[in-house]
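J.: To start, I am sharing the structure in question, which I have written as structure tokens.
The values are calculated or read from the model by the stated rules, or taken from the named source; none is laboratory data. Predicted model only: the values in this text are computed from it and were never measured. Glycine also receives a Cβ, built like all others from the backbone with ideal geometry; neighbour counts cover every protein chain displayed. Quick note on the areas: whole protein, heavy atoms, side chains included, nothing else; ligands and nucleic acids left out. Shrake-Rupley method; radii C 1.70, N 1.55, O 1.52, S 1.80 Å.
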Amino acid sequence: MSVTTRDSSGTIIVAPRNEAAQSGLVVISHGLGDTAEGFVDVAEFLAKELPHVKFILPTAPTQPVTMNMGMPMPSWYDITGLDERANENCKGLDQSKLTISQILENEHASTQLPYSRMVLAGFSQGGALSLFTGMQLPQRLAGIILLSGYLPAASKFQISPGLEDTPILHCHGTADPMVPLAVAQKSQELLAEKGAKEYVLKPYAGVVHTVSMEEIQDVKDFLKRVLPPDDSCKIAVKDPGDMSVKELKAAIRKAGLGQQAVGLMEKQEFVKLLKDHYEKE
């Protein structure tokens, strides 16, 4: 069973109710003009099928987008046009790449979860960011998922040594008017030229610039293949007895135990509540 939490930055987390059950991580980046809320239902569906996986959904910063007449909107980077030449002008892409990389680094540092148990996924611009980031990391991930995505800033993109066999699933509608299938095919060709060996592009007949249930099912199957349950990779969870009151309250919120904690005052009461929860789970 999972629990969904939100913070003031717009990040949504869908995680196992018992933190100690986690042995995988998926970061989902939304598309242009959207927020993390746009994919929380997808994350919650996938969490039911993969109860050992934690999903993190960040929200892009709001900034002017040239293609949107300069009006500000949530965007991982500026988009000046839809043609190949315009696709090289992606102001803000490197900063967003750093943002996603830091999410992975923070999770690794705080839980000791291996990078090989992490997946980057995203829709449209978010899928482009996931591909651009995931294949240029120092560490190999379990996989990368693009939904109606593409390769941005291809001229400066290089696959990090050792990442050539990273599994990539690219789902794309044949009727997509925003990012035509030809763009997806070109991205696959460019990745192959740069050394990618496991890039699967799957077309979906009649699907426009959206996510179909068939695609979500294929994403689920892909995640089950690259992130199967693995008890040897379960995250390191701090013993409740060693936590500060602040850490205890945060862990209790994450576990969805807020109601049970009402009226508790002493630290040992919080410790007992959390320990009992972990033992039950």
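J.: In whole Hz, what ³J(HN,Hα) sequence does region 108-117 give by Karplus (6.51, -1.76, 1.60; θ = phi - 60°), x for Gly and Pro?
T.: Result, rounded to whole Hz: 5, 5, 8, 10, 6, 5, x, 4, 5, 10.
J.: I'd like the antiparallel share, as a percent to the nearest 5, of DSSP beta bridges with both residues in the chain.
T.: Values: 11 of 35 bridges.
In the chain, DSSP labels about 30 percent of beta bridges as antiparallel.
J.: Among DSSP bridges having both ends in region 2-99, what percentage is antiparallel? Round to the nearest 5. Walk me through the intermediate numbers first.
T.: On the way: 11 of 15 bridges.
The antiparallel fraction comes to roughly 75 percent.
J.: Work through the residues other than C90 whose Cβ is under 11 Å from its Cβ and net out their charges, Lys, Arg +1 and Asp, Glu -1.
T.: On the way: positive: K91, K97, K156; negative: D78, E88, D94.
Here the charged neighbours net out to 0.
J.: What per residue convex hull volume, in Å³, do the alpha-carbon atoms of the chain yield?
T.: Numbers: hull volume 34.9 nm³, N = 281.
In the chain, the Cα convex hull volume per residue is 124 Å³.
J.: Given that compact globular proteins tend to follow 2.2 N^0.38 Å, what is the ratio of the alpha-carbon Rg of region 158-239 to that value? Provide the component values of the computation, followed by the final result.
T.: Details: Rg = 16.1 Å, N = 82, 2.2 N^0.38 = 11.7 Å.
Region 158-239 yields a ratio of 1.37.
J.: Also, quick follow-up: Count charges around G10 for me, please; just the other residues with Cβ under 12 Å from its Cβ, Lys/Arg as +1, Asp/Glu as -1. Numbers along the way, then the final one.
T.: Numbers: positive: R6; negative: D7, D34, E37.
Taking every other residue near G10 into account, the sum is -2.
J.: Considering just Cα atoms, how many Å³ per residue does the convex hull of region 87-165 enclose?
T.: Working: hull volume 6.6 nm³, N = 79.
Hull volume normalised by residue count: 83 Å³.
J.: Express the carbon and sulfur contribution to the solvent-accessible surface of region 141-271 as a percent, rounded to the nearest whole number, probe 1.4 angstrom.
T.: On the way: 3460 of 6500 Å².
The nonpolar share, carbon plus sulfur, comes to 53 percent.
J.: Which of the peptides 239-250, 157-168 is most tightly packed, and how do the rest follow, judged by the mean count of other Cβ atoms within 10 Å per residue?
T.: Details: 239-250: 13.7, 157-168: 15.4.
Top of the packing list down: 157-168, 239-250.
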